[in-house]
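The values are calculated or read from the model by the stated rules, or taken from the named source; none is laboratory data. On a predicted model such as this, the values are computed, not experimentally measured, just so you know. Reconstructed Cβ throughout: ideal geometry from the backbone, glycine too, with neighbour counts over all protein chains shown.
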Amino acid sequence: MRVAIIGQGYVGKALGIAAHNAGHSVVGVEIDDSRVAALAGAVGYSVGSDFSSVIGSEVVVIAVPTPLDENRVPDLSYVESACKSVKSFVGAGALIVNESTSFPGTLRNVIAPIMGSDCLYASAPERIDPANEKWGIGNTPRLIAGMSVEATSKALEFYRSFCKEVHEVSSPEVAEAAKLFENTFRQVNIALVNEFAQIANVLGISTHETLAAAATKPYGFMPFVPSIGVGGHCIPVDPSYLSFAAEKAGVEASFINLANKVNVSMPSYIASRIASLLGGSVTGKRIQVAGIAYKADVSDTRESPSLALISALRELGAVVSWHDPVVGTWNGENSAALDSVDLGVIATAHTGVDYMAWKNGNTMVIDVSTTANTGWPKFL
Ligand SMILES: NC(=O)c1ccc[n+]([C@@H]2O[C@H](COP(=O)([O-])OP(=O)(O)OC[C@H]3O[C@@H](n4cnc5c(N)ncnc54)[C@H](O)[C@@H]3O)[C@@H](O)[C@H]2O)c1
């Protein structure tokens, strides 16, 4: 098939490689010139910024950002802009697939009206989990739903060419809602375990021993790990797309709102516990945070709770530096070498970080990461 992929970020690139390897003729369209330059010759298919390269495509996939705006309301401007830019180059009968995460009705009520009635439409939400070595684009089941029988069958044909398991649902709205619900499930359970960690602390009980004990129940329980909070552009963002849709329809998404509140408060909760640990105040204390990416072994700092912890500690007067060999630079600051300081915080535990400077300097270290064993006891 001749396939065009609009947006060549994390999702668009992974799809481009999979579709190219499956034998399709792929073009990637990307508005960020530095991204185009970085991908040129590196992915096996052509990537450029010219939307006319879409001419003749049978399948056009949209894989652009769907963030929240400054009021934490869904921002579909990238999706709308991508559709407007590509519209005049898409031929009659082409299949338009949306992989970008959004609320139910986005394909039918936002994308299709811009693109027009000549096209076929399907939803195929991406579920990729960065740095997950077990589950990738080929073996993670893919949800598919078209707006017509013809659209569904064309989408099934395309996705079956590189996905082992494709699960058809009855409408694009179900596929869109399933994607949001999956991530909301994680967000709410993470918030619950983060709240439990705070309760266990005041009760003087070990959170981890309690969770491990609860996890011996062979049914009806799924373990989640307390941490500094949630980051990236999925878990902190997608549930707000669902609550937005709910509230527009007149239903309060109370669990989602509460889970957001608990998760967002974790960095300041940890900062206040650090202050107690350091004798009641962090003013003038030298603190290092290891890992500012939101997840181990990725360089993505979007919505990272480590950044909120750094800000909270600095506001309290601490002298904070950070170490992250994967991120390198952030906000005009560079990753600092680990050093003997008043307190070290393992926020995100990238593989291969050498904590020897902390060990040798007898630095007090707390581990609030989700990584099972960093060599230090879990703080939460
Ligand atoms: N990264 C993930 O782990 C993941 C997982 C599942 C779903 N998603 C969803 O997939 C979508 C894309 O996410 P991503 O991680 O690839 O984002 P990204 O920011 O890595 O990539 C998006 C790319 O689209 C480009 N772009 C923006 N507007 C464009 C336009 N009008 N035309 C062409 N290119 C445009 C950007 O320059 C960027 O390179 C989002 O809806 C996201 O929520 C992401």
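Taking the condition touching a strand residue (DSSP E or B) at 6+ places or on another chain (Cβ under 8 Å), among the β-branched types (Val, Ile, Thr) and within 30 Å of LEU343 (Cβ to Cβ), does ILE235 pass? Even if it seems obvious, please write down each step before you answer.
Details: touching a strand residue (DSSP E or B) at 6+ places or on another chain (Cβ under 8 Å): no; among the β-branched types (Val, Ile, Thr): yes; within 30 Å of LEU343 (Cβ to Cβ): yes.
Against the criterion (touching a strand residue (DSSP E or B) at 6+ places or on another chain (Cβ under 8 Å), among the β-branched types (Val, Ile, Thr) and within 30 Å of LEU343 (Cβ to Cβ)), ILE235 does not qualify.
Looking at the range 69-93 only, could you name the residues that are more than 9 Å from the ligand (Cβ to nearest atom) and either part of a helix (DSSP H, G or I) or touching an Asp or Glu at 6+ places or on another chain (Cβ under 6 Å) (or both)? Selection gives ASP69, ASP75, LYS87, ALA92. Set side by side, the residues ALA18, ALA14, ALA37, ALA42 differ, and just one is farther than 25 Å from LYS84 by Cα and assigned to a helix (DSSP H, G or I), which is ALA18.
Is at least one residue of the range 366-380 of a type outside the set (D, E, K, R), surrounded by fewer than 21 Cβ atoms within 10 Å (Cβ to Cβ) and within 20 Å of VAL282 (Cβ to Cβ)?
In the first step, residues of the range 366-380 are kept if they are of a type outside the set (D, E, K, R); the result is 366, 368-377, 379-380.
Restricting the remaining residues to those that are surrounded by fewer than 21 Cβ atoms within 10 Å (Cβ to Cβ) gives 366, 370-377.
Remaining after also requiring within 20 Å of VAL282 (Cβ to Cβ): 366, 376.
There is at least one residue in the range 366-380 that is of a type outside the set (D, E, K, R), surrounded by fewer than 21 Cβ atoms within 10 Å (Cβ to Cβ) and within 20 Å of VAL282 (Cβ to Cβ).
Within the range 106-123, the set of residues being out of contact with any Phe, Trp or Tyr (no Cβ under 9 Å at 6 or more places or on another chain) and more than 16 Å from the ligand (Cβ to nearest atom) comprises ASN109, PRO113, GLY116, SER117, ASP118, CYS119, LEU120, TYR121.
Of all the criteria given as (1) surrounded by fewer than 14 Cβ atoms within 10 Å (Cβ to Cβ); (2) closer than 20 Å to ARG127 by Cβ; (3) among the β-branched types (Val, Ile, Thr), the one not satisfied by THR66 is (1). Evaluated against (1) over 16 Å from LEU309 (Cβ atoms); (2) assigned to a loop (DSSP other than H, G, I, E, B), ALA349 falls short on exactly one condition, (1). In the range 81-135, which residue that is among the charged types (D, E, K, R) and farther than 19 Å from GLU150 by Cα is surrounded by the most Cβ atoms within 10 Å (Cβ to Cβ)? The extreme case among them is GLU126.
For SER276, the conditions (1) under 24 Å from PRO226 (Cβ atoms); (2) in contact with a Gly (Cβ under 6 Å, 6 or more places away or on another chain); (3) not aliphatic (A, V, I, L, M) all hold with the exception of (2).
Those helices (runs of 4 or more DSSP H) of the range 197-314 in which 2 or more residues are within 16 Å of the ligand (Cβ to nearest atom), within 17 Å of the chain's Cα centre (by Cα) and not small (Gly, Ala, Ser) occupy 238-248. Yes or no: GLU157 on the phi < 0 side of the Ramachandran plot and over 18 Å from the mean Cα position of the chain (by Cα)? The answer is yes for GLU157.
Scanning the range 124-142 for residues that are within 12 Å of the ligand (Cβ to nearest atom) and at negative phi yields a total of 13. Just one of the numbered conditions (1) at pLDDT below 95; (2) outside any loop (DSSP other than H, G, I, E, B) is not true of ILE96; which one? Exception for ILE96: condition (1).
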